[in-house]
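The values are calculated or read from the model by the stated rules, or taken from the named source; none is laboratory data. Since we're looking at a predicted model, the values are computed, not measured. Cβ placement follows ideal geometry from the backbone for every residue including glycine, while neighbour counts extend to all protein chains displayed.
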Amino acid sequence: MTRPASAPAPPFCPNPACRYHTQPTGDWRWQRDGTYQRQASPRVITRYRCGHCGRRFSQQTFRTTYWLRRPELLPIVFRRLQGCTGMRQMARELGVSPSTVMRQTARLGRHCLLWHERTRPRGAVSEPLVLDGFVSFEYSQYYPTEFHSVVGAHSHYVYGLTDSELRRSGRMTERQRGRRALLEGRAGRPDPRSREREVANLLEIVAGPSDEFELWSDEHQDYPRAIRRLRGPRISHRVTSSRKPRTARNPLFAVNLWDLLVRHSGANHKRETIAFSKRRQSAVERLWVLAVWRNWIKSFSERRRDASPAMRLGLTDRRWTTEEILGQRLFPSQIGLPERWTSYYWRRTRTRQIPNGAEHCSRYAA
Ligand SMILES: [Zn+2]
């Protein structure tokens, strides 16, 4: 049996049902169970077997690149996602199929969601929070979606996001109105209370144990309703007109800048693009990657190469690299996502026009 002498002890049993999954104690017994060869580096992988539940696993089980045929692409895809590349462009450039890029993107999204949950601040909110909705669409312009984000007014840290389906509104021709009625007859209408509910969901997650905090937003009438839905903290709500110039002096600057970054970095949210998201589940996954990059990797000012939002918030004392963020596979069973975000992890966000789409990649979501 070939066994690399350096094969380390496994950190825990990967079986969520095993008692040695979350808190492996000193009495955990496991055995080495041979090795296997793979085409990508490192080539020789040690296998193990849990002495308690019998689950077989390997060194690969604990890497973010588990089961990937092209593991070296994962950090490249991570970087390109911020570089405003469409999935097909990226696939052509890397010499792989678009579905490979899409699969890796989905995996990065889930990983970043877990990363965010594991690292986000847990105490009371320590700065005013800025709330905004970023409107895009999925599948076609008949299906607008809004991504709600909460960003720190001083740190510019992205605290979290949720999304809503919206009904197409605004100026439409007679023909477009007819088409909307036809589509709504077929697939139903989005819930008109979705924004209110989803903003409340988001505020509840980011509020944590806070007794009170300040929330700054534009004058959207659904926001006070969302605030009233919250049972926990007292929120003092400060409203700024959305007509006010969007300069650095605008109280909503932090979130305006984030919206700008979303449009600037992601090809799927450009105006008049063909790279728009076909499903908002995928759009959300890209946003989680962007949020982690923004919070932990990117400097506040590109020119000055200064502190990241996570540093400004005191969560770390340095900027992280993509490789560090992707260093270790994270397990949802160990991290415990808030319920609303669990549905992002398991890809349960439905696109009305693609009823079976949600299951499409879920076998990779283990
Ligand atoms: Zn086990």
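Go through the range 91-117 and give me each residue that's more than 13 Å from residue 332 (Cα to Cα), basic (Lys, Arg) and buried (at least 18 other Cβ atoms within 10 Å of the Cβ).
103
Give the number of residues within the range 132-163 that are of a type in the set (S, T, N, Q), farther than 16 Å from residue 309 by Cα and under 14 Å from the mean Cα position of the chain (by Cα). It would help to see each step written out before you state the result.
First pass over the range 132-163, keeping only residues of a type in the set (S, T, N, Q): 136, 140-141, 145, 149, 155, 162.
From the residues that got through so far, the ones that are farther than 16 Å from residue 309 by Cα too are 136, 140-141, 145, 162.
Now drop any that are not under 14 Å from the mean Cα position of the chain (by Cα), which leaves 162.
Number of matching residues: 1.
Restricting to the range 36-58, name every residue that is among the polar types (S, T, N, Q), more than 16 Å from the ligand (Cβ to nearest atom) and within 32 Å of the chain's Cα centre (by Cα).
Correct list: 39, 41, 46.
Taking the options 192, 128, 209, name whichever one is of a type outside the set (A, V, I, L, M), at pLDDT 95 or above and over 30 Å from residue 87 (Cα atoms). Before the answer, list the steps.
Values: 192 fails: at pLDDT 95 or above; 209 fails: at pLDDT 95 or above.
Exactly one of 192, 128, 209 is of a type outside the set (A, V, I, L, M), at pLDDT 95 or above and over 30 Å from residue 87 (Cα atoms), namely 128.
Can you confirm whether the range 194-208 contains a residue that is in contact (Cβ under 8 Å) with a residue 12 or more places away in the chain and part of a loop (DSSP other than H, G, I, E, B)? Before you say what the answer is, go through the steps one by one.
Going residue by residue through the range 194-208, those that are in contact (Cβ under 8 Å) with a residue 12 or more places away in the chain are 194-208.
If we keep only those that are part of a loop (DSSP other than H, G, I, E, B) too, we end up with 208.
Scanning the range 194-208, I find at least one residue that is in contact (Cβ under 8 Å) with a residue 12 or more places away in the chain and part of a loop (DSSP other than H, G, I, E, B), so the answer is yes.
If you go through the range 216-225 one residue at a time, do you hit one that is under 21 Å from residue 289 (Cα atoms) and assigned to a loop (DSSP other than H, G, I, E, B)?
no
A quick yes/no check of all residues on (1) within 30 Å of residue 215 (Cβ to Cβ); (2) in contact with a strand residue (DSSP E or B) (Cβ under 9 Å, 6 or more places away or on another chain); (3) touching a residue at least 60 places away in the same chain (Cβ under 8 Å):
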{"position": "59", "(1), (2), (3)": "no, yes, no"}
{"position": "69", "(1), (2), (3)": "no, no, no"}
{"position": "95", "(1), (2), (3)": "no, no, no"}
{"position": "100", "(1), (2), (3)": "no, no, no"}
{"position": "105", "(1), (2), (3)": "no, no, yes"}
{"position": "132", "(1), (2), (3)": "yes, yes, yes"}
{"position": "153", "(1), (2), (3)": "yes, yes, yes"}
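Is the range 172-188 home to any residue that is at pLDDT below 90 and either under 29 Å from residue 291 (Cα atoms) or touching a His at 6+ places or on another chain (Cβ under 9 Å) (or both)?
no
Scanning the range 18-35 for residues that are under 16 Å from residue 57 (Cα atoms) and surrounded by fewer than 12 Cβ atoms within 10 Å (Cβ to Cβ), which turns out farthest from the ligand (Cβ to nearest atom)?
Among them, the one singled out is 31.
Scan the range 233-278 residue by residue and report those that are modelled with pLDDT of 85 or more, surrounded by 14 or more Cβ atoms within 10 Å (Cβ to Cβ) and of a type in the set (Ser, Thr, Tyr).
240, 242
Going through the range 54-69 one residue at a time, which ones are touching a helix residue (DSSP H, G or I) at 6+ places or on another chain (Cβ under 7 Å) and surrounded by fewer than 18 Cβ atoms within 10 Å (Cβ to Cβ)?
First, the residues of the range 54-69 that are touching a helix residue (DSSP H, G or I) at 6+ places or on another chain (Cβ under 7 Å): 64-66, 68.
Hit for the range 54-69 is 66, nothing else.
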